[in-house]
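To start, the structure itself, in C-alpha cells.
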Amino acid sequence: MNENVPEARKESREESATASAETDAKLAELEDRWLRAVADLDNLRKRISRDNERLRAEERARVAAAWLPVLDNLELALSHACRDDDAKAVLDGVRAVRDQAVAVLSKLGYPRHDETGVIFDPARHEAVAAVERTDVEPGNVVEVLQPGYGEGERQLRPARVAVAKKAE
C-alpha cells in the first residue's frame, strides 16, 4: 500500500496541474473577451461621435441654406429702396436686417464672399458674365451679382460674378 501512496500523490498533483491549466486558460479567454468588449465599446463611442458631428454639420448647412432666399430678397429690396430718397429710414432698417442675417450665417460657419478685384476662382465663384474691361486684368472679378457663402467643403453656394475679359 505504501507504493500506491506516492502514485496517488502523483495523480493528485497531475489533476491539480490540469485544473490549474484549465483555470488559467479560462481566465485568459475571459480576459481576451473583456478586452475585445472594451475595444468594441470604444469604437462604438468614436463612431457615434463622428455620426453626431456629421449630423450637426448637415443640419447647420440646412439652416444656413434656408437663410439664402431671405438675404436675396433683402438685397433686392435694398437695390429698389436706393432709388427713393424718402425711404432712408426704411433703407437703413433693411440694411440692418441684412447685416444681422449675414452675421448669423457667419456664426454658423458660412462667411459671406463678395469681393471684387480678386482673381476668379472656380471653387469660390460661378462666372455668369464676361465683361470687356481694359482697366482690369482678364480673369479678375469685376462685379458680384450674388454673394457666395461658406468655404471649401462647407460652401453653401459660390459667388455669382462677372469676370473681366480681354477687349477685342
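The values are calculated or read from the model by the stated rules, or taken from the named source; none is laboratory data. No experiment lies behind these values; they were computed from the predicted model shown. Virtual Cβ from ideal backbone geometry, glycine too; neighbours counted across all protein chains shown.
Tabulated results
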item: Gly93 vs. criteria closer than 18 Å to Val70 by Cβ and surrounded by 15 or more Cβ atoms within 10 Å (Cβ to Cβ); result: no
item: Leu27 within 27 Å of Tyr149 (Cα to Cα), assigned to a helix (DSSP H, G or I), out of contact with any Gly (no Cβ under 7 Å at 6 or more places or on another chain) and not hydroxyl-bearing (Ser, Thr, Tyr); result: no
item: Conditions (1) outside any loop (DSSP other than H, G, I, E, B); (2) closer than 24 Å to Ala66 by Cβ; (3) of a type in the set (A, V, I, L, M); number of the one not met by Ala164; result: (2)
item: Criterion (surrounded by 10 or more Cβ atoms within 10 Å (Cβ to Cβ) and either free of Cβ contacts under 8 Å to residues at least 24 places away in the same chain or farther than 23 Å from Pro147 by Cβ (or both)) met by exactly one of His113, His80; result: His80
item: In region 129-161, the residues that are of a type outside the set (D, E, K, R), within 19 Å of Pro69 (Cα to Cα) and assigned to a strand (DSSP E or B); result: Val144, Leu145, Gln146, Gly148, Tyr149, Ala159, Val161
item: Residue that is in a helix (DSSP H, G or I), closer than 16 Å to Arg157 by Cβ and touching a strand residue (DSSP E or B) at 6+ places or on another chain (Cβ under 8 Å), where the choices are Ala64, Ala101; result: Ala64
item: Qualifying residue in region 81-94 (condition: of a type in the set (Lys, Arg) and either modelled with pLDDT under 90 or not in a strand (DSSP E or B) (or both)); result: yes
item: Matching option when the condition is surrounded by fewer than 10 Cβ atoms within 10 Å (Cβ to Cβ) and either touching a strand residue (DSSP E or B) at 6+ places or on another chain (Cβ under 6 Å) or at pLDDT below 95 (or both), among Glu59, Glu11, Glu7; result: Glu7
item: Residue list for region 122-146, filter: within 25 Å of the chain's Cα centre (by Cα), farther than 12 Å from Ala162 by Cβ and either exposed (fewer than 14 other Cβ atoms within 10 Å of the Cβ) or in contact (Cβ under 8 Å) with a residue 60 or more places away in the chain (or both); result: Pro122, Ala123
